[in-house]
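Inspection log for the structure reproduced underneath, given as structure tokens.
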Amino acid sequence: MDLSIRSERSLGFLIFGDEIALGLKKRGFGAGYWNGFGGKLENGETVEGCLIREGKDEFGIIIEPGSIRNAGVINFFFLTKPEWNQRVHIFTVIEWRGILQESDEMKPQWFKIKDIPYAKMWPDDIQWLPKILRGEIIRANVFFKDALGNVEKIEFT
């Protein structure tokens with residue numbers, strides 16, 4: 001089993017009262033799933049810098065560094081596609097400038113937290129996203145048994 005991390009990524013969730021902004025991924029990795037905004041770190045970029053860049057690129061918003069809150073780190077291991085193995089730094093954001101705008105990659109939409117469309121998200125999200133929304137800072141390893149995101153197991157560490 002290859003457990004080497006191939007990329008570092010940032011993932012952010014905008015929170016406004018009892019609502020969360022999710023984006024429908026239109027192309028690339030995770031297409032067809034609702035998720036937060038984020039992506040792969042570029043050369044020399046910090047995880048926070050990546051989050052700020054991706055917020056602008058994918059959701060059309062401006063995020064100030066002081067409004068980013070650490071929510072944890074998850075290592076994702078794809079047992080049949082180890083080249084997809086990644087470490088994702090997760091954040092919540094409660095202050096930003098601008099109105100959500102659709103991009104080439106994402107179609108953002110607000111959801112009531114109680115109505116998050118988990119059935120149309122990565123299958124593991126229902127295990128860890130509620131913890132983050134309760135204010136927990138998580139560390140976990142998620143093992144996918146196939147390229148579709150079906151979960152083999154989740155270890156909270």
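Structure summary
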read-out	value
For LEU133, LEU100, order by how many other beta-carbon atoms lie within 10 Å, fewest first	LEU133, LEU100
Residue-wise HN-Hα coupling along the range 137-143, computed from phi with Karplus coefficients 6.51, -1.76, 1.60 (Hz; x: Gly, Pro)	9, 10, 9, 8, 10, 10, 10
Hits among lysines - C-alpha to C-alpha of LYS107 under 26 Å, sequence gap 8 or more where chains match	LYS25, LYS26, LYS40, LYS56, LYS120, LYS131
For the range 7-157, projected area of the alpha-carbon convex hull averaged over all directions, nm²	8.3 nm²
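Readers should treat all values here as calculations from the given coordinates under stated rules, not as data from a laboratory. The structure displayed is predicted, hence computed values, not measured ones. With ideal geometry, Cβ positions are generated from the backbone for all residues, glycine too; neighbour counts draw on all protein chains shown.
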